[in-house]
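Asker: Have a look at this one before I ask anything.
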Amino acid sequence: QVQLIESGGGLVQAGGSLRLSCAASGRTFSNYAAMGWFRQGPGKERDFVAAISWRRGSTYYADSVKGRFTISRDNAKNTVYLQMNSLKPEDTAVYYCAASPFIATMPNEYDYWGQGTQVTVSS
C-alpha cells in the first residue's frame, strides 16, 4: 500500500504562485519509480500536468504548463512538489498526485492517488 497526501492548494489571483506538496509513504512505496501531478476541472477529465522520476529526477510536462510549472522531489522526505507560477484562471482545478512504476502521462498508468487539493485562480 502507498499513501499520498497533498497540500498547498488555495485561492490565488491570476499571475500569482502556489506550491503544492505530495508526501508519500507506505510499505510498497519503493516499488514506484515515478510520481505525477494531474488536475481535474469541473466537468472535465483528469489531465496530466507533470511527472518526475525518483532516481534521476527526469521530468515531463504538459504543454499547457511548460515554462510556468516546475516539478521537483526531495528523496530524503519522500515528497514531490509542484511549483506553479504565472497562474491563470484556466489552471483552476483539483490537483492530484499519483504514483506509478514508471514515468507516464496517462491516469490509468498510475496505481495510487492522493485525495486532491483545490487550486482556484481568480481573474
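The values are calculated or read from the model by the stated rules, or taken from the named source; none is laboratory data. Computed from a predicted structure; not experimentally measured. Cβ coordinates were reconstructed from backbone atoms using ideal geometry, including for glycine residues, and neighbour counts include every protein chain displayed. Ligands, DNA and RNA are excluded from the accessible area calculation, which covers all protein heavy atoms including side chains. Shrake-Rupley method; radii C 1.70, N 1.55, O 1.52, S 1.80 Å.
Asker: Within the set of pairs 6 or more residues apart or between chains, which connect a residue that is at positive phi inside region 15-32 to a residue that is assigned to a strand (DSSP E or B) and open to solvent by 30 Å² or more (accessible area, probe 1.4 Å) with Cβ atoms less than 7 Å apart?
Answerer: Pairs that qualify, where the first residue is at positive phi and the partner is assigned to a strand (DSSP E or B) and open to solvent by 30 Å² or more (accessible area, probe 1.4 Å), are GLY26/GLN3.
Asker: While we're on this one: Let me confirm something: among ALA104, ALA98, which residue is small (Gly, Ala, Ser) and under 12 Å from the mean Cα position of the chain (by Cα)? Before you say what the answer is, go through the steps one by one.
Answerer: Values: ALA104 fails: under 12 Å from the mean Cα position of the chain (by Cα).
After ruling out the rest, the residue left standing is ALA98.
Asker: Report, by residue number, each residue of region 26-59 that is more than 16 Å from the chain's Cα centre (by Cα) and either part of a strand (DSSP E or B) or of a type in the set (Phe, Trp, Tyr) (or both). Spell out how you get there, then give the answer.
Answerer: Keep residues of region 26-59 that are more than 16 Å from the chain's Cα centre (by Cα), which gives 26-31, 42-44, 55-56.
Residue satisfying the conditions is PHE29 alone.
Asker: Another one. Keeping to region 69-93, report how many residues are closer than 19 Å to MET35 by Cβ and of a type outside the set (S, T, N, Q).
Answerer: In the first step, residues of region 69-93 are kept if they are closer than 19 Å to MET35 by Cβ; the result is 69-84, 93.
Those still in the list that are of a type outside the set (S, T, N, Q) too: 69, 71, 73-74, 76-77, 80-82, 84, 93.
Looking only at that region, the number is 11.
Asker: I'd like the full set of residues that are touching a helix residue (DSSP H, G or I) at 6+ places or on another chain (Cβ under 9 Å) and assigned to a loop (DSSP other than H, G, I, E, B), limited to region 1-25.
Answerer: Within region 1-25, GLN1, VAL2, ALA14 meet the criteria.
Asker: Any chance region 92-103 includes a residue that's assigned to a loop (DSSP other than H, G, I, E, B), open to solvent by less than 20 Å² (accessible area, probe 1.4 Å) and modelled with pLDDT of 95 or more? Lay out the reasoning, then the answer.
Answerer: Of region 92-103, the ones assigned to a loop (DSSP other than H, G, I, E, B) are 92, 101-103.
Remaining after also requiring open to solvent by less than 20 Å² (accessible area, probe 1.4 Å): none.
No, that holds for no residue.
Asker: Here are the criteria: (1) open to solvent by less than 30 Å² (accessible area, probe 1.4 Å); (2) under 27 Å from VAL12 (Cα atoms). Tell me which single one TYR110 does not satisfy.
Answerer: (2)
Asker: Also, I was wondering about something else. Enumerate the pairs (first residue in region 60-82 and within 20 Å of VAL2 (Cα to Cα) and open to solvent by less than 80 Å² (accessible area, probe 1.4 Å); second residue anywhere and assigned to a loop (DSSP other than H, G, I, E, B) and acidic (Asp, Glu)) with beta-carbon separation below 6 Å, excluding pairs fewer than 6 apart on the same chain, so at least 6 apart or on different chains.
Answerer: Qualifying pairs under 6 Å: none.
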